[in-house]
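Visitor: My structure is below; once you've seen it, I'll send some questions.
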Amino acid sequence: MSGIIFVVTLIALLFGVGIWAWKRAADLQAEAHQREAAALQLLLIKPTTTEQASAASNTAFPPGNSSFPDRDRSRTSTAVVAPKATQTTQDNPITITIGDITIIERMIETEPEPVPEAPVTLTAPTKMPTPASALANLPLRDLVLSFYEARGYRQEWAAPDIRPVELVLRNRHDHDRSYAFVHWQHPSRLDGAGLSRLARELNALGFKRAIVAVERGFDDAAIEAAKKFNLRLYDNAVIQGKILELAPELQAKLAGMSKARAQKRRA
């Protein structure tokens, strides 16, 4: 029986201690909130004149003839810290000191001086070269060879005894696909009869397909003969039109390849 009474008493004691601890924690939290509110109120005090500053000082400290002993006055001064302010002028900002915190506020804001704008100089836009004009300055031979090199054809020099064939262009992925390359530099346009004679010469050398770069151009009869003999004709207009159909980055790449090829050949 005594054991039961002891257990009940212990439980009641623990319950009472728990309630006391909970109330104590609530009281401490309320006091903390009050201290924070008082500190915030002090921070929001903004006296603008000497009279307001002295009034705030009088409410915080007891008068000089107070009967409080010195030790009580020192305790009060450490418990409540009054803000100290200087007089406001146009040139001097307000300085508020609260404990170790100093707040500086400038009551009169001056407008910034206007910054003089820099003079605007209008310059004529630089004329950039168009892709067509860049290609027009490059040799026909180098444009055609760069165009086929970019398509996967490698170049092999032809033997001197099989002229007018200068190079053999072989596809890197299909070695059976090859073209004889002929650079036609005659002073006159290539006509149908001249292309037919060239096609017979190429057939005699064993070439069934050929690429012919014609410097002076060709007529409609030469175009029809090229279709019959499986030849591909290129003059400046044709090869430039083929390149300009590509993406701009490919156009720039082919122009650079052709320029480098021409410089190397002239060196």
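Visitor: Report the gain in length on full extension from Ala136 to Asp27: 0.36 nm times residue separation, minus Cα-Cα distance, nm rounded to one decimal.
Guide: Once the chain is fully extended between Ala136 and Asp27, it gains 30.0 nm.
Visitor: Measuring from label point to label point, each 7 Å out along Cα→Cβ, what is the Asp219 to Lys264 span in nm?
Guide: Roughly 3.9 nm, to one decimal.
Visitor: What are the ³J(HN,Hα) couplings of segment 14-24, residue after residue, when phi is run through the Karplus curve with 6.51, -1.76, 1.60 and θ = phi - 60°? Round to Hz, x for glycine and proline.
Guide: Computed from phi, the couplings for segment 14-24 are 4, 5, x, 5, x, 5, 4, 5, 5, 5, 5 Hz.
Visitor: Sticking with this one: Given R₀ = 25 Å, FRET efficiency for Arg197-Ala159 by Cβ-Cβ distance, to 0.05?
Guide: With a Förster radius of 25 Å, E is 0.75.
Visitor: Non-local amide H neighbours of Arg177 (under 5 Å, H modeled in plane, Pro and chain starts lacking H): which ones?
Guide: Excluding prolines and chain starts, which carry no amide H, the hits are Asn171.
Visitor: Let me have the relative contact order for segment 135-267, percent, based on Cα pairs under 8 Å that are six or more residues apart.
Guide: 27
Visitor: Right, something else. One-quarter of the Cα convex hull surface for segment 176-267, in nm²?
Guide: Value for segment 176-267: 7.3 nm².
Bear in mind that the values in this text are calculations on the coordinates, not laboratory data. Bear in mind that the values here come from a model prediction, so they are computed numbers and not experimental data. Positions of Cβ are backbone-derived with ideal geometry, glycine not excepted, and every protein chain shown enters the neighbour counts.
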